[in-house]
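Asker: After the structure tokens below, expect a handful of questions from me.
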Amino acid sequence: ISSPLDWGQVASAQLGLFLIGAFLTAVGLFCSALTQSQVSSAILAIVCNLSLFFLGQQSESDWAAEIYKWKSISFKFSEVLKFLNMLEIEQDFAKGFVDSRNLVFLISAVGLILFSTVKIFESRRWR
């Protein structure tokens, strides 16, 4: 009835939750830096974060091919959207599959977004 836990898979899932949480928090901080109002920054952050979950789901229906009518461009566009799908990234981590592409993407995206947030706040200080 009870089987031992696969601690590697548990650690991988926890790492994925931490990195995706850090990414979504960084996006929220960036949205907060863009606006002066708390309500508008909350709405913008929610829209941006939810779009990261739903845009990746739309790539599987190949709606880009119908819009552009060019297979080469729509294929690349749908691959980019599929790569940004947070649900698929978390499912990879939950399965115990730690992909270096996902690690590099999440860590560099968090760093870039937080750097941009700091620069926005610094530019406001000099105005």
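Asker: Which members of the range 77-127 meet the condition of being in contact with a Lys or Arg (Cβ under 9 Å, 6 or more places away or on another chain) and either at positive phi or of a type in the set (D, E, K, R) (or both)?
Answerer: Hit for the range 77-127 is 88, nothing else.
Asker: Which residues, counting only those in the range 61-117, are within 28 Å of residue 17 (Cβ to Cβ), modelled with pLDDT under 85, open to solvent by 40 Å² or more (accessible area, probe 1.4 Å) and among the aliphatic types (A, V, I, L, M)?
Answerer: 80, 84
Asker: Further question: Could you list, ordered by first residue, the pairs with Cβ atoms under 6 Å in which the first is in the range 101-127 and touching a residue at least 24 places away in the same chain (Cβ under 8 Å) and the second is assigned to a helix (DSSP H, G or I) and open to solvent by 50 Å² or more (accessible area, probe 1.4 Å), at least 6 apart or interchain?
Answerer: 113/30; 117/29; 117/30
Asker: Kindly indicate whether any position in the range 41-57 is part of a loop (DSSP other than H, G, I, E, B) and at pLDDT below 90.
Answerer: Checking the range 41-57: not a single residue is part of a loop (DSSP other than H, G, I, E, B) and at pLDDT below 90.
The values are calculated or read from the model by the stated rules, or taken from the named source; none is laboratory data. The model shown is predicted, which means the values in this text are computed figures rather than measured ones. Neighbour counts are summed over all protein chains in view; Cβ atoms, including those assigned to glycine, are modelled from backbone coordinates with ideal geometry. The protein model used for the area step is the full one, side chains on, heavy atoms only, and it has no ligands, DNA or RNA in it. Shrake-Rupley method; radii C 1.70, N 1.55, O 1.52, S 1.80 Å.
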